[in-house]
Amino acid sequence: MEEATLVIVKPDGLKKSLTGDILSRLSKAGLRIIGAKVVKVSLELAEQHYHHLKDKLFYKELIKYITGQLHGENRVLALVYYGESAIKKVREIAGTTNPEEAEPTSIRGAYGRILTSGLYENVIHASSNLQEAEREIKLWFEPEEIVYPLYPARITEVSSKKKVWL
Ligand code: UDP
Ligand code: MG
């Protein structure tokens, strides 16, 4: 089945200049990138993205991690990949959550580490199922930022302030 998945190059990935290598590894899956942008991760976005983990002991540290407070780097690269079994293919290339247990040739196995706090600093995020992918893509991207009619969208009239180039 053709499907979409969200990938986030986390702040450690940017700090360590791993973006090029990560994109090149992911390109081996033969998927299409249908959305991509650099995002400054707000506390609100971080909390919404990881809301299902809020009772975990590592949650506070995880929020610091994704908002860049551990790396002095509050940018991440967000990407949407689309194609046959995209979720599974990307998870395989990413490796398992714990970088010590991940395949050494996977992205997390090659570049991840466990911090002294116990947090898994594992370089990228990848959606783990269809439902999660849809929720995450809708959270990180506006419909017009994705060059494919992925999910139903409607046109709305907005009268809020918008920045335009001078
Ligand atoms: N995480 C952690 N310790 C754990 C589980 C998760 O530090 O025992 C962090 C890790 O950075 C992970 C993120 O929390 O990527 C989200 O956890 P999840 O279980 O969703 O793993 P993922 O889907 O990212 O593999
Ligand atoms: Mg997950």
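The values are calculated or read from the model by the stated rules, or taken from the named source; none is laboratory data. It should be emphasised that the depicted structure is a prediction, and the values quoted were computed from it without experimental measurement. Heads up, the Cβs are rebuilt from the backbone with ideal geometry, glycines too, and the neighbour counts pull from every protein chain shown.
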Exercise. Hey, among the residues in segment 98-124 that are among the aliphatic types (A, V, I, L, M) and within 16 Å of ligand 2 (Cβ to nearest atom), which one's farthest from Lys15 (Cα to Cα)?
Worked result: Ala102
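On the given criteria, is Ala133 within 15 Å of ligand 2 (Cβ to nearest atom), at pLDDT 95 or above, under 20 Å from Ile22 (Cα atoms) and of a type outside the set (Lys, Arg)? Give the steps one after another, and end with the answer.
Details: within 15 Å of ligand 2 (Cβ to nearest atom): yes; at pLDDT 95 or above: yes; under 20 Å from Ile22 (Cα atoms): yes; of a type outside the set (Lys, Arg): yes.
So Ala133 passes the test.
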Exercise. Do any residues in segment 125-146 that are closer than 14 Å to Gln48 by Cβ have Cβ atoms under 9 Å from those of residues that are in a helix (DSSP H, G or I) and away from ligand 2 (no atom under 13 Å from the Cβ), where the two are at least six apart or on different chains, and which pairs are they?
Worked result: Leu139/Leu45; Leu139/Gln48; Trp140/Leu45
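Taking the conditions exactly as written (surrounded by fewer than 19 Cβ atoms within 10 Å (Cβ to Cβ), at pLDDT below 95, charged (D, E, K, R) and more than 16 Å from ligand 2 (Cβ to nearest atom)), does Glu157 satisfy them or not?
On the way: surrounded by fewer than 19 Cβ atoms within 10 Å (Cβ to Cβ): yes; at pLDDT below 95: yes; charged (D, E, K, R): yes; more than 16 Å from ligand 2 (Cβ to nearest atom): yes.
Taking the combined requirement at face value, the residue satisfies it.
Looking only at segment 64-78, how many residues end up being within 16 Å of ligand 2 (Cβ to nearest atom) and either at pLDDT below 95 or farther than 19 Å from Arg113 by Cβ (or both)? Let's see the steps before the verdict.
Step one: filter segment 64-78 for residues within 16 Å of ligand 2 (Cβ to nearest atom), giving 65-66, 76, 78.
Still in the running and either at pLDDT below 95 or farther than 19 Å from Arg113 by Cβ (or both): 78.
Result for segment 64-78: 1.
Based on what the data block shows, is Glu121 in contact with a Lys or Arg (Cβ under 9 Å, 6 or more places away or on another chain), closer than 21 Å to Lys60 by Cα and acidic (Asp, Glu)?
Against the criterion (in contact with a Lys or Arg (Cβ under 9 Å, 6 or more places away or on another chain), closer than 21 Å to Lys60 by Cα and acidic (Asp, Glu)), Glu121 qualifies.
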Exercise. Of all residues in segment 95-119, how many are touching a residue at least 60 places away in the same chain (Cβ under 8 Å), near ligand 1 (Cβ under 8 Å from one of its atoms) and surrounded by 14 or more Cβ atoms within 10 Å (Cβ to Cβ)?
Worked result: 1
Exercise. Given Val90, Val158, Val80, which one is more than 17 Å from Val9 (Cβ to Cβ) and either under 15 Å from the mean Cα position of the chain (by Cα) or not in a strand (DSSP E or B) (or both)?
Worked result: Val158
